[in-house]
Amino acid sequence: MPPRSALLSWLGMLTLISLVTACERNATPREDEQIGASETAIINGDPDQGHPMVVAYLHDGSLCSATIVEVKGSTGYALTAAHCIGAQLGELRVGSEINNSPTMTYPVTATLAHPGYKASTLYDVAMLKFTGASAATPSMPPLPVSLDNLSAGTTLDLVGYGKTTDAGGQIGAKHHKFLPIGDVTPLRLLFDQKAGGLCSGDSGGPSTFYPALEYVAGVHSYVASDNGSCLVQGADIRVSPYTETFIKPFINGQPTGPLTCAECTEAHTANGLCSKSIAACYATKHCPAYQTCIQACKTNGCIVDCKTKYAAGATLYTAIETCICDTGCATECAAAPFCNVPQCGLTAAKATCQSCFEASCCAEAAACAANATCIDCESALVPGPNCKTNPQKEAYDTCLATNCADACQLPSGSSSSGSSGTGSTTGQGGGDATTTTGTGAGAGGAGAGGEGPSGVSVEVSACSASLGGAAFGSGSGRGHGSMTAGLLAGFACLVSSLRRRRPRG
């Protein structure tokens, strides 16, 4: 899992790319008089003779590239880019030079662009079904998640039928070029193309990876250019997230499945339903200031202070999270912790305790969660002396002792000072942990403190280990709640605990 600082940098990159991608998506596809070029070819590459399963896809007067990924009897299936799908089904042409003498032509009988492509260009994958295949038809499997260890610096082989020079060159001749990956995100493979790479006509073609067998690792998608040159940054859609959710379901006649929360989050923050929230966040100085502040935080109290100090930035950041949880990735992130922050700001280990304090002490719990000192006291392994005088903490502890002693298994007659508890040789430890100081450890407990119930995770930050609630009694016997650790995935971890969300209905 990348550290928080890396994710903040990644978020900045998403903002930049989202603007470039939006222009590409809305642009009219460029067309040659004979064979057009749908969006994005191999510049400064070499003629390719080693990938017979990489074919040209012609339709609506345009040219894309595609890869045959599976053959079943006389039916074949090819992977291409969603922006290559047009009104006509088209055909696949096999060969090194398809304008004059293709070695084989396959009529396409069905197409399916990923259903998510209408909302985000990072769903830029599509499947083609064609007829005329045989046992001799070559294919290359899509990379499964289990073999996807791609990282910056991994060299891939980029193949396509596109332009061979930045100024134009031949279109329709298959070329390839080895390029190292410049950067990797959950859904994209990015390439530095100063010396050549993808351009018009290569869209839908593969970047291949060879861990043991050769696999399709990426689908050529776009070039981030504002001046028409392809010698800038090229982008592939990473195939492994779609292998089991889209490619194989299409082949097997099954519905498309969801991406992971992290993958969906990237799709909709980079160029999708939540990209406007991202743009609004970065359009002011407040969001970057807020992010810089929380990046340095190591405690919950620090995050609360940042939220207070940079309230405008926190509000804009909250809008991103709301969009992800409620609009862009409501299904994919439904179980994500950052989409399920409890209504009162704290979580108990036991459902009975949770229900009780939500019903009877919600205001006190929320006030504690919003107070830097109180929330630090609640998540501290050893509460400091200022915890005894913090009014929010005192109010919360008193409310628990008064209303939820049984539900939270607090010692009988306990109070925030523990003066009413009865001592024992084991000591009464902690009570049920809502990441709170245990009430009533028992005055005069002579033995070592008993073990308190495990505390709940309270994220210090979205991308760092969560702190377990440390449940302590305030008498001489102390029970220790166990520490827990947790990390959230992708951008989801960046926004997980930066605010206390309303309850989800």
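The values are calculated or read from the model by the stated rules, or taken from the named source; none is laboratory data. The shown structure was predicted, so the numbers you read here are calculated from the model rather than taken from an experiment. Note that each Cβ is placed from the backbone with ideal geometry, even for glycine, and that neighbours are counted across all protein chains shown.
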Among (1) within 30 Å of Gln409 (Cα to Cα); (2) of a type outside the set (Gly, Ala, Ser); (3) crowded, with 20+ Cβ neighbours inside 10 Å, where does Lys350 come up short? (3)
Pairs, first assigned by TED's automatic domain parsing to the domain that holds Gly50 and on the phi < 0 side of the Ramachandran plot in region 200-211, second of a type in the set (Gly, Ala, Ser) and not in a strand (DSSP E or B), C-beta under 7 Å, six or more apart: Ser200/Ala41; Ser200/Gly162; Asp202/Ala41; Asp202/Gly162; Ser203/Ser38; Ser203/Ala81
Within region 366-400, tally of residues that are assigned to a helix (DSSP H, G or I) and closer than 22 Å to Val341 by Cβ: 19
Condition test on Asp226, is it at pLDDT below 90, touching a Cys at 6+ places or on another chain (Cβ under 9 Å) and crowded, with 17+ Cβ neighbours inside 10 Å? no
From the options Ala319, Ala363, Ala359, Ala314, residue that is under 30 Å from Cys399 (Cα atoms), assigned to a helix (DSSP H, G or I) and within 22 Å of the chain's Cα centre (by Cα): Ala314
Taking region 100-157 as the search range and keeping residues that are hydroxyl-bearing (Ser, Thr, Tyr) and part of a loop (DSSP other than H, G, I, E, B), which one is modelled with the lowest pLDDT? Ser101
Among the residues of region 180-197, what is the count of those that are buried (at least 23 other Cβ atoms within 10 Å of the Cβ) and in a strand (DSSP E or B)? 3
Could you please tell me which pairs satisfy a Cβ distance under 6 Å, a separation of 6+ or placement on different chains, a first residue in region 270-289 that is closer than 14 Å to Ser120 by Cβ and among the hydroxyl-bearing types (Ser, Thr, Tyr), and a second residue that is at pLDDT 90 or above and crowded, with 24+ Cβ neighbours inside 10 Å? Ser277/Ile320
Checked pairs for region 47-71, first over 14 Å from Pro206 (Cα atoms), second acidic (Asp, Glu) and not in a loop (DSSP other than H, G, I, E, B), C-beta under 7 Å and 6 or more apart or across chains, list as Leu58/Glu91
Output the residues belonging to region 74-117 that are crowded, with 16+ Cβ neighbours inside 10 Å, in contact with a helix residue (DSSP H, G or I) (Cβ under 8 Å, 6 or more places away or on another chain) and not aromatic (Phe, Trp, Tyr). Leu79, Ala82, His83, Leu112, Ala113, His114, Gly116
Just checking, does region 356-367 include any residue being among the small types (Gly, Ala, Ser), closer than 24 Å to Gly384 by Cβ and touching a Ser or Thr at 6+ places or on another chain (Cβ under 6 Å)? no
Within region 240-274, restricting to residues that are crowded, with 24+ Cβ neighbours inside 10 Å and closer than 27 Å to Tyr310 by Cα, the one that is modelled with the lowest pLDDT is Asn271
Restricting attention to region 275-294, which residues are surrounded by fewer than 16 Cβ atoms within 10 Å (Cβ to Cβ), out of contact with any Gly (no Cβ under 9 Å at 6 or more places or on another chain) and more than 15 Å from Ala319 (Cα to Cα)? Thr292
Kindly indicate the residue of region 320-342 that is within 12 Å of Leu273 (Cβ to Cβ) and among the aliphatic types (A, V, I, L, M) and also surrounded by the fewest Cβ atoms within 10 Å (Cβ to Cβ) among those meeting that condition. Ala330
